[in-house]
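Visitor: Please find one structure pasted underneath; my questions will follow.
The values are calculated or read from the model by the stated rules, or taken from the named source; none is laboratory data. Predicted, not measured: the structure shown is a model, and the values here were computed from it. Cβ coordinates were reconstructed from backbone atoms using ideal geometry, including for glycine residues, and neighbour counts include every protein chain displayed. Ligands, DNA and RNA are excluded from the accessible area calculation, which covers all protein heavy atoms including side chains. Shrake-Rupley method; radii C 1.70, N 1.55, O 1.52, S 1.80 Å.
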Amino acid sequence: MKRSLDVLGDPWVLLIARDVLHGKGRFDQLRENLGISEAVLSRRLSGMLEAGLLTKVDYADGARIRQGYAATEAAADLLPILQQLSLWAEKHTDLSDGGGHMSLIHEACGHETTQGEVCSACGEPLVPEQMTWVKPWIDRRERLKGLSTDPCPDWVKRTFCWDCTGRWD
């Protein structure tokens, strides 16, 4: 337990992992979405890189090449923990302003799950690329990004990746 808390004990780490699994791997996206200072975010990202939770990926921002962050297998393995924490909050805390029940949808079977590691409807293991989090208070469905043989997150493909798009943008 102590070793895991040495890596994951800071709440920012879990929130950053959540956002990266949701495909928000750019520094500015993370800073804006989390409302975190640049200094704190930089320190947490460095620690997460060192711990093997994240890896750096290149993307183009206009004519400049920048680096963003993608989840490693270690971060993807946090999915059951993140989902179980979300389910716990749904059960034991008040809804946020704007309210609405957050649903965890297992896209492989199309049902909402009430468990974090295996689907309560079909019993299959839950993996990031088969999960959607439905957040009614912001009217958004967010499909998670998993690990695959494809090394580039979707936002990298849209911006800069010859291997994925066949062109440099």
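Visitor: Here is the link list: 24/135; 56/135; 24/56; 2/24; 91/135. Which ones come out longer than 19 Å on Cα distance?
Guide: Flagged as over cut-off: 56/135; 2/24.
Visitor: Please give the per residue accessible area of segment 51-142, computed with a probe of 1.4 Å over protein heavy atoms only, in Å².
Guide: The answer is 56 Å² per residue.
Visitor: I've got another one for you. Tell me the carbon and sulfur percent of the accessible area for the chain, rounded to whole percent, probe radius 1.4 Å. It would help to have the intermediate numbers written out before the result.
Guide: Details: 4920 of 9840 Å².
Using a 1.4 Å probe with all protein chains present, the chain comes out at 50 percent carbon and sulfur.
Visitor: Also, I was wondering about something else. Rg and Dmax of the chain, Cα atoms, in Å?
Guide: 16.5, 49
Visitor: Would you mind telling me which residue in 93, 72, 113 has the biggest mean-square fluctuation in a Gaussian network model of the chain, where springs connect alpha carbons within a distance under 10 angstrom?
Guide: Per the Cα network of the chain with a 10 Å cutoff, 93 tops the list.
Visitor: Right, another one. Taking the Cα centre as origin and putting +1 on Lys and Arg beta-carbons and -1 on Asp and Glu beta-carbons, what dipole magnitude results for the chain, to the nearest 20 debye? List each step's numbers first, then the result.
Guide: Values: 20 positive and 25 negative charges, 76 e Å.
Dipole size: approximately 360 debye.
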